[in-house]
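Please treat every number below as a calculation from the coordinates, not as lab data. Every value quoted in this text rests on a predicted model; they were computed, and no experiment measured them. Note: ideal-geometry Cβ built from the backbone for every residue, glycine included; neighbour counts use all protein chains shown.
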Amino acid sequence: MTKQNSFVALATLLLVACNNQPTSNTSNEVSSPAPETRPLVEEVLTKEQRDALSPDEVLQSFERGNLRFINSDLTARDHSAQVRKSATGQFPKAVVLSCLDSRVPVEDVFDRGIGDIFVGRVAGNFVNEDLLGSMEFACKVAGAKLILVLGHEYCGAVKAAIDDVKLGNITALVSKIRPAVEKVEYEGDRSSSNEEFVHLVCESNVNHTIEQIRLNSPILKEMEDNGEIKIVGGIYDMETGVVTFMN
């Protein structure tokens, strides 16, 4: 056999061997199922849908949303589509007054989408004239059914108020929270290093803010008395993501 014939024979054998290779999907292999896909929610809340809700139903939707958040089961949303569909109007169901803290992602905490809620933020989640006006707009003008004052554990503004910090404009800010500190009856260590005391002041601050809303906004107080809105408080646990709602 010549060298040329030998080369042709070897090439033929290699070609046959390659063509006879088993496929990757043999009888001994189990193909992986395609990952489950969840349709993206594109719709935004309509006026008719919002108006049909009661304040209690809105609160219940927040409770269910927080449960989804802590179970990593957030609703899949097409935010680009929601942005476009909410461009000409908004009909939020609630307003949340939250702390400035970056670790409290309000919309995610309650599994809400674009156009679902108004969110006001200030360090220490206290209320002033500007926030009261914002809440009155949210409820009386825009039709929101719920006001939620959301505090959180380990709040730096609360700790600053406990220690009566004096620093620039922070001094005026913590003065709004100091009444909540003074309301707490506690015989132990009343410093910011005492986590138990800090927790009690966080709760007291939420309750104090709710009192100030009712005291300084006759509009919101009347709406609450008439059952048009509900004003509640909550404390967000930084370690678990759980919101404990307060009466």
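Structure data summary
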{"read-out": "Exposure proxy ranking, count of Cβ atoms within 10 Å, fewest first, for His79, His208", "value": "His79, His208"}
{"read-out": "Order of Leu215, Leu132 under a 10 Å beta carbon neighbour criterion, fewest first", "value": "Leu215, Leu132"}
{"read-out": "Net charge of neighbours whose Cβ lies under 12 Å from the Cβ of Glu57, counting Lys and Arg as +1 and Asp and Glu as -1", "value": "+2"}
{"read-out": "Among 64-72, 104-112, the order from most to least packed when residues are scored by Cβ within 10 Å on average", "value": "104-112, 64-72"}
{"read-out": "Options Val243, Val158, Gly227, ranked by Cα towards positive dipole end of region 47-246, top entry (Cβ charges)", "value": "Gly227"}
{"read-out": "Dipole in debye (nearest 20) - region 47-246, about Cα centre, beta carbon charges: Lys, Arg +1; Asp, Glu -1", "value": "740 debye"}
